[in-house]
Amino acid sequence: MPRRTERALLGSALGLSLAGAVLVAVARGADLLALPTGGPTLTFYQVLGVQLQVAAAFGLCHALLAWRRPRVDQYVLPVAAALTGLGLAIIFSLQPEQAARQVTWLWLSLALFAAVVGWGPEPALLGRYKYLLGLLTAALLLLPILVGTEVNGARLWIRLGSFTLQPGELAKIALVLFLAGYLAEKGELLAAEPRRLGSVAIPDPQLLLPLLLLWAAGLALLVLLRDLGTALLFFGTAVVMLYLATAQLGWLALGGVSFAGGAWVCGQLFGHVRARLANWVDPWPKIETTGFQPIQGMFAIAAGGLGGVGLGQGLARSIPAATTDYPFAALCEELGLWGAGVLLALYLILVYRGLHHGLRQPGRFEALTAAGLGCLLGFQALVICAGVVRLIPLTGITLPFVSYGGSSLLTNYLALALLLRCSEEPR
Amino acid sequence: MEAFLAAQRLIFLALLGWFVSRVVVVRRPAGAPPVPRSLRWLRSAVVGGFLATFLWQAWWTFERAHSAPYRAAERYDSRTWRLRDPSDRRAVVDRWGRPLIRTVRFGGQAVRRYELGPAAAHVSGYFHRLYGRAGLEEACDDRLATWRQPAWEQLSEAAQQAANPQPLPLALTIDRALQQAAATALGSRRGAVVVLNPAAGDLLALVSSPCYDPNLVDAARYRQWQADPDRPLLNRALAGLYPPGSTFKPVVAAAALATTWDPATRYESGPAGYLPPFERQRIRDHEAGERAGWRGHGPLDLRQAMACSANTWFAALGVALGPAPIVRTAQALGWQERWRLAGRADLVALPGRLPSDRLRPGDTARLAIGQHELLITPLGLAQVAATLANYGRQVPPRLLLDQPVPAPRQVLEAGLATRLNSLLQAPVADRGGTARGLRLPGVAVAGKTGSAQNPHGRAHAWVLAYAPAERATVVVVVLVEQGGSGSAAAVPVARAVLLAARQAGYLEAAR
């Protein structure tokens, strides 16, 4: 029987998701002293309906995989389903009406996922259009600067009717594909005969030039976009892919240094970034203004303790933008340190699966793409979670699969679909 | 339900862990190539990043949550009311150990029970998860709340019980019987009663009316109280500022006795009233309006004027003195003091208002009869009365029995205070005194009434009283909003409180 592992894991994940949502509903029903300004709530049957929709959508995806792609990775989809389910439980708890909308987005995302996995082009074909993808990355990042709307000092969104989209989300995938294509072709050359400066290997500048150009362009765009989180994510992913393609530590060092430099420059240039840095170091004096969100997040985390207060029983609604930027804090409150550890472990598994496939055929486009996408998803989670617990300065990016938001969910499932396609074992 | 909510938490967490363990345990195929060094480096870096985040979070959860900035910012945390389960909250008792606030189990839920209900509402305040805290529950929250152990120790309820034995109740200086008697005496009229022990500053009773029942705080009632034009949530004893009227006259007398003014001076008090220099409006005695054909008191000395509360007399005295000594004396007596009963916020009295010390004679005359930009809270006036009763030694008020009594401050010269003391017995003891209703058999009582005109309608009725006059153990201040005359509306309330105090043994204690 094909894909038995996936079926069993997916069943558990969907069971968890259902249990989570039901527990939220039960806790809310029992909680007679819920805040009077809780906003609209869903009935128990609506919650159940939403969960059945989720189960149906993932079941269909599993059937499609079993039919069309029986030899792709079996762990990634259940992990994504578990994350989505946990995310829905958290959103139910925070903003019930958003959970209903999130399910609509989930249908769309899984339709895109199915289309790409089932009938999308061979991944290798994408690799041929690497320079086009490089241009696409730049274009997607530029788009909101030209026609975007500014939210919280960052120009990341474009408005289409009643929807707002974040093209930067898609740009991340385009960047991974471009880097994978480029490195699959030039990686060996980059690694082959490095010049040495002391113990640090420096590749041939001629090969490096296109990459440096892209980095410079990306940094320039991000300076214009003023979003530190996306910048960190781009650099992290690019550095890891370079490292994977060339197996040289020099890239990690170079990436780290150049990013630190970029961040410092950003901090010097923009009040918006500087305020975030100041908020990171000491938010307490500004508790009523810029420090409010991080401190409310800290309250939520502290309230959670070891095992949390229970699903649906947290008060993380007090955090501004809780469902998009701070679902991690809400999860910490309701499921505690244990639940947060589980969440982080799930992302770590995504990274590991990506690296696992990257290892199988080192240097190939598919392998690099799989590793890059796995790292992209994992790093994004790491950047926002570390920001919420104030290990690093906070950056307003979404928690993949968990946060409320259409464009985030769509691109995450697109990345997942590409990861799965690239993980296909040869016959 | 509670058991289910507790159990589901653990079951769900266990399921989460089980799920992750199923995904994580991926066996490497036998013939797989070894993991290259570069990848091992990378993996360690990634795992390190996740681990650092997790450990940082764990550290914050268990350690930083008890840090100073967190505790300081805690009032911004809406969970504060929820985490501080009332079941862990300390009980509150009165000065003799009689319960005022207890925590009881009601339908499986811990609730605060306020033994006196509305009668002590403005002392106890309330504790509610949604509507927050007020009164003592707010002001002394940090002493009433018992902090739970750090999160990891919460796992065992029994262990926690052992670690935190039932905390001792918080003792107040309030006397439960006196508090109840004061509330009953004031009844449903708008106003306030403050009862103090002048020597230690102990607050024996504090009533503000109308009030609310702290046992019955809920959404509908809270909205109703907020919308009520009589403002039952307002603590009139601490936050109500009223013109003092004739109860200010002892301050004017103190100011006069402190200057070179001749105490033997007599001023004429006639039916025509007194016309201050450069003024058109006459100041009249209250009898002039009440009794037709009243012929006036004639020439009065200080004691007689105090006894019958002669406005014309004190207006003339005020003009003779000028505003500066009066304002100075009021300041010395703590008129503008921000009296703090306990803790922070809620149980702090508003400072009284004084006019500037440069007034026109007409305004000085009105100042001398307790009008003109002169405002005081009932507690503020009780403090003034207590300082007079205490022979000029000022003791700040206190509400908590374990609060140390600070050393008294001599704000009036002792000899002057002795003369004032005998002067203040005149309204009670002398013929025609306005506070004769306060006489008690066997106990000398000092007191002064007041009927303060105000823009809202009838005069506010005041009385300040203390007994035994020579060595006071109880000071009573009563305010009845728009009660009319002090003698008619406020004196019976003060008398009832004094009787209750005598029954409780306070007046005998000094003998």
Delta accessible area of at least 10 Å² on complex formation, residues of the stretch A:5-19, 1.4 Å probe, chain isolated as reference: A:8, A:9, A:12, A:16, A:19
Percent RCO, i.e. relative contact order, over the stretch A:4-119, from Cα pairs under 8 Å lying at least 6 residues apart: 44 percent
0 to 90° range, to nearest 10: angle between helix B:249-258 axis and chain B longest Cα axis: 70 degrees
Gained length - residue B:231 relative to residue B:76, 0.36 nm times residue gap less alpha-carbon distance: 53.1 nm
Globularity index of the protein assembly as shown, i.e. its alpha-carbon radius of gyration over 2.2 N^0.38 Å: 1.30
Surface share of carbon and sulfur [accessible, 1.4 angstrom probe, percent] for the stretch A:284-427: 63 percent
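Just to be sure I understand: of the beta bridges DSSP finds with both ends in chain B, what percent are antiparallel, rounded to 5?
On the way: 49 of 52 bridges.
Antiparallel bridges: around 95 percent, rounded to the nearest 5.
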√(5λ) per eigenvalue of the Cα gyration tensor, the stretch B:235-302, largest first, Å: 25, 20, 13
C-alpha long axis of helix B:37-62 to longest principal axis of chain B, angle in °: 30 degrees
Carbon and sulfur %, accessible surface of the stretch A:52-125 computed with the full protein complex present, 1.4 Å: 69 percent
Equivalent ellipsoid, the stretch B:160-284 (semi-axes from 5 times Cα gyration tensor eigenvalues, Å): 45, 24, 12
Extension gain (nm, one decimal) between residue B:418 and residue B:290, 0.36 nm per residue minus Cα-Cα: 42.7 nm
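Stokes-Einstein D for the stretch B:254-357 at 4 °C, 1.567 mPa s, Kirkwood Rh over Cα pairs, in µm²/s?
Numbers: Rh = 15.8 Å.
The Stokes-Einstein estimate is 82 µm²/s.
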Amide H within-cut-off set for residue B:440, under 5 Å, with H built and near neighbours excluded: B:445
Long-range HN-HN contacts of residue B:103 with modeled amide H, under 5 Å: B:113
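How much accessible area is lost when chains A and B come together, counting both sides, with a 1.4 Å probe, in Å² rounded to the nearest 100? Intermediate results must be reported in sequence, preceding the final value.
Details: alone 18770 and 25550 Å², together 38210 Å².
Roughly 6100 Å² of accessible surface disappears when A and B pair.
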Accessible surface of the stretch B:313-372 [probe 1.4 Å, protein heavy atoms]: carbon and sulfur percent: 45 percent
Semi-axes of the equivalent ellipsoid for chain B, Cα gyration tensor, largest first, Å: 62, 23, 20
Per residue solvent-accessible surface (Å²) - the protein assembly as shown, probe of 1.4 Å: 41 Å²
Degrees separating the helix B:176-186 axis from the principal Cα axis of chain B, which is the longest one: 60 degrees
Förster-model FRET efficiency, 35 Å R0, residue A:277 and residue B:15, C-beta, rounded to 0.05: 0.30
Stokes-Einstein D in µm²/s, Kirkwood radius over Cα pairs - the stretch B:435-511 at 10 °C with 1.306 mPa s viscosity: 128 µm²/s
Cα-Cα separations in the stretch A:4-119 greater than 20 Å, expressed as whole percent: 42 percent
List of the stretch A:370-393 residues, accessible area with partners at least 20 Å² below that of the chain alone (1.4 Å probe): A:379, A:382, A:389, A:390, A:391
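What is the packing order of peptides A:350-357, B:320-327, taking the mean over residues of other C-beta atoms within 10 Å and listing the highest first? Intermediate results must be reported in sequence, preceding the final value.
Working: A:350-357: 24.9, B:320-327: 19.8.
The peptides rank, most packed first, as A:350-357, B:320-327.
Can you give the average number of partner chain beta-carbon atoms within 10 Å of each beta-carbon in peptide A:306-319, as a whole number?
Values: counts 10, 8, 4, 5, 7, 5, 2, 3, 2, 6, 2, 1, 4, 0.
Taking the mean over all residues of the peptide, I get 4.
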Between the stretch A:305-374 and the stretch B:443-511, the Cα center-to-center distance that results, in Å: 69 Å
Partners for residue A:186 among lysines (Cα-Cα distance below 23 Å; same-chain residues under 8 apart left out): A:130, A:172
Protein-only accessible surface order, largest first, of B:94, B:430 at 1.4 Å: B:430, B:94
Cα→Cβ-extended label distance, 7 Å offset, between residue A:260 and residue A:66, nm: 5.2 nm
Sorted largest first, extent of the stretch A:71-123 alpha carbons per principal axis (Å): 40, 21, 11
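The values are calculated or read from the model by the stated rules, or taken from the named source; none is laboratory data. None of the values given here were measured: they were computed from a predicted structure. No Cβ is skipped: glycine too gets one built from the backbone with ideal geometry, and neighbour counts run over all protein chains shown. Accessible surface is based on the protein model in full, side chains and every heavy atom, while ligands, DNA and RNA are left aside. Shrake-Rupley method; radii C 1.70, N 1.55, O 1.52, S 1.80 Å.
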